[in-house]
Amino acid sequence: MALLATTAPALAQDSVATTAATAPTAAAATAPAEPFQQTIAIACRFTWECVENEPCTETEFTPDITGNAGGASADALTVQSQMVSDAETVDMTGTKQVKALSLTGGGFDARHLLSIAADGASRYTVHYADGPIVISYLGTCK
């Protein structure tokens, strides 16, 4: 039985030849699941809305955040989530550190940023490219 050997282009950082016997399988190339996993389910209640430089007004904006978080440490997780409101659903990604959370999402036309402090105090802003215009919400998420 003959062993077929192939070599990759000679690169300074890679001088090891790859053979059929040592080539990684698809399963071996897949990253393992993160050791810390967490389901995200947060209800927000924003009571103030501020549009550009106009005075803030009272509001009742109550989006929900759902998704999953994972990472190598329980104190620093990567988050993939959706923010669902009566107006729209926005895919958001970000990080969770201990009890604080920071998420961003949306497209070029409307960028979304949600910041939740460890005590639940929260700020949500939407930056619209057309205008441009920014709308900010102040409230809590738990």
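Every read-out reported here was derived from the displayed coordinates using simple, explicitly stated rules and does not represent laboratory data. Please read all numbers here as calculations on a predicted model, not as lab measurements. Glycine also receives a Cβ, built like all others from the backbone with ideal geometry; neighbour counts cover every protein chain displayed.
Can you tell me what the convex hull of the Cα atoms of region 36-141 projects to on average, as an area in nm²?
On the way: hull surface 25.7 nm².
Directional mean of the projected Cα hull area for region 36-141 stands at 6.4 nm².
Along the Cα-to-C-beta direction of residue 64, a point sits 7 Å from the Cα; which residues of region 84-100 have their amide N less than 12 Å from that point?
The answer is 84-86.
In whole Å, largest first, what are the principal axis extents of the Cα atoms in region 36-75?
Principal extents (largest minus smallest coordinate, Cα): 43, 18, 12 Å.
Using a 7 Å offset from Cα along Cα-Cβ at residue 56, what residues in region 81-108 end up with backbone N under 11 Å from the label point?
The answer is none, because no backbone nitrogen lies closer than 11 Å to the label point.
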